[in-house]
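Structure, as structure tokens:
The values are calculated or read from the model by the stated rules, or taken from the named source; none is laboratory data. Bear in mind that the values here come from a model prediction, so they are computed numbers and not experimental data. Virtual Cβ from ideal backbone geometry, glycine too; neighbours counted across all protein chains shown. To get the accessible areas, we keep the full protein, side chains included, count just its heavy atoms, and leave off ligands, DNA and RNA. Shrake-Rupley method; radii C 1.70, N 1.55, O 1.52, S 1.80 Å.
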Amino acid sequence: MVLRVNIDQIEPATRDWICKVQIIEIGRPRESLDKKCTFQNLILEDEEECQIKVVMYADEIEHDGEEIKPSHEVEKPLPRPTKLNITNFDRIPHLMVDSAAEIDILAIVLRCGPQKNAGRSHHRCREITLCDDQKTQFLFTLWEDFGEIEGHEIASKMATEADLLVILGRSIGISTYQGLSLQTRYNSTLRVNPNYPQAVALMNWAKENKTMLLSCPSEKTSTSSSTAPMIVTTAGQQLLSIAEISSTLPEMAILDEFQDFCVLECSGCKQKKRTKDRKDFHCPKCNWKTALVPRCSFQIDLIDNTATTTTSISAELGEKILSMTAEDIFDTTCTKMLSNKVFAIQLRKSSWASSNTTHATLSILSYTEKQHAPQTTTDRTSKEIKPLEIS
């Protein structure tokens, strides 16, 4: 007997089932990170508006267009989809940054930059500026083929169409690049002017407010863009001069010298695994067998003359401070990497406001290794300051 179920009733142990669904979104075929296969993302929705993401691979993509056998039952078409689980822009500052977390966004495109190569890595990218209906803005980086294909589509439409575009982005990452920004990931999908009621309403709002959106900075703007930087403050927020910001040199010290300084993460979705086993594993999120790669990650204390707070150092910045690659850090058995070391750091502060709440991020501009001494000692020698290009 075949069991008819909804999407949320399907489990790995479920056998002999059918589920009536409609394809509500379909991404373009893309190459996997290891260039070994082609995959395509789909979003399916059932009769109860439950949704699920499906990944098809090379052979499945080729067979997708084959004729479907007709059902003996009379099946009515499912209604046009209306369900979107969108993350509002004012929630983004409260989410975990630079993690495996991914969000779905619906936003207006204000500006679209040219295709370019980013920094020393020379990865191709394109930067666009997004805005919501509260006039909150974010920089959105389209990496690699997203900048070339979807970015080119956006740029072409903006050059020929009178109205502002709206995009629906799924599986979008959050980054600290240039303050706080958004970026595509390997499994992201982008749709221009999608046919959802929420998207149509946002397009109409953007059409009515186009002049205001393109010319006036918002009182609720939250962005740091290379094309149009906007650090906006609300009434009563303290303003710091550049001299005041750059002259601040708090100290940075290791939180726990016996902590792990490196984690393994999925090469695709960046999901972290606290393990020493480098064997390939089947990632449930990527839904394929992938390699675990090391990533430097550890915690530090930030100390000034008023208080102490804890934060995390990761990726290239952590490797610079330790003067080791992530591979070397992972293979090191000695845990006292920063024992008896204290650093003076130079910070840059970026502030933004949303929903009447002020937020801030701090980026490390440079650091100076200092000779270890008790906290009460002020006479500390320092080495030459090392400039950084990484937040």
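Rank 126, 15, 278, 111 by accessible area, highest first, at a 1.4 Å probe radius?
Greatest to least solvent exposure: 15, 278, 111, 126.
Can you give the FRET efficiency for residue 282 and residue 62, using 1/(1 + (r/R0)^6), R0 = 22 Å, r = Cβ-Cβ distance, to the nearest 0.05? Spell out each step's value before the answer.
Values: r = 23 Å, r/R0 = 1.06.
The computed FRET efficiency comes out at 0.40.
With a Förster radius of 41 Å, plug the Cβ-Cβ distance of residue 55 and residue 205 into 1/(1 + (r/R0)^6) and report the FRET value to the nearest 0.05.
Approximately 0.75, to the nearest 0.05.
Measuring with a 1.4 Å probe in the full set of protein chains, what accessible area per residue, in whole Å², belongs to the range 21-63?
57 Å²
Which entries of 35/270; 36/289; 20/76; 53/83; 53/272 show an alpha-carbon separation above 19 angstrom in the structure shown?
Pairs exceeding 19 Å: 53/272.
Once amide H atoms are built 1.01 Å from N in the peptide plane, which residues 5 or more positions from residue 193, or in another chain, come under 5 Å H to H?
Amide H neighbours of residue 193: 166, 167, 168.
On full extension of the chain, what length is gained from residue 104 through residue 148, given 0.36 nm per residue of separation minus the C-alpha to C-alpha distance?
That pair, residue 104 and residue 148, stretches by 13.7 nm at full extension.
Label residue 85 and residue 17 with points 7 Å out from Cα along Cα→Cβ: what is the distance between them in nm?
1.7 nm
Under the Karplus relation 6.51 cos²θ - 1.76 cosθ + 1.60, θ = phi - 60°, what is the ordered set of whole-Hz ³J(HN,Hα) values for the range 134-150, x standing for Gly and Pro?
Working through the residues one at a time gives 9, 6, 7, 10, 9, 6, 10, 9, 9, 8, 6, 5, 5, x, 6, 9, 5 Hz.
Tell me, what is the 1.4 Å probe accessible area of residue 20, in Å² to the nearest 10?
It works out to around 40 Å².
Along the Cα→Cβ direction, 7 angstrom out, place labels at residue 26 and residue 75. What is the inter-label distance in nm?
Label-label distance for residue 26 and residue 75, simple model: 1.5 nm.
For residue 163 and residue 301, what is the calculated FRET efficiency with R₀ set at 56 Å and r taken between the beta-carbons, to the nearest 0.05?
Once rounded, the FRET efficiency stands at 0.65.
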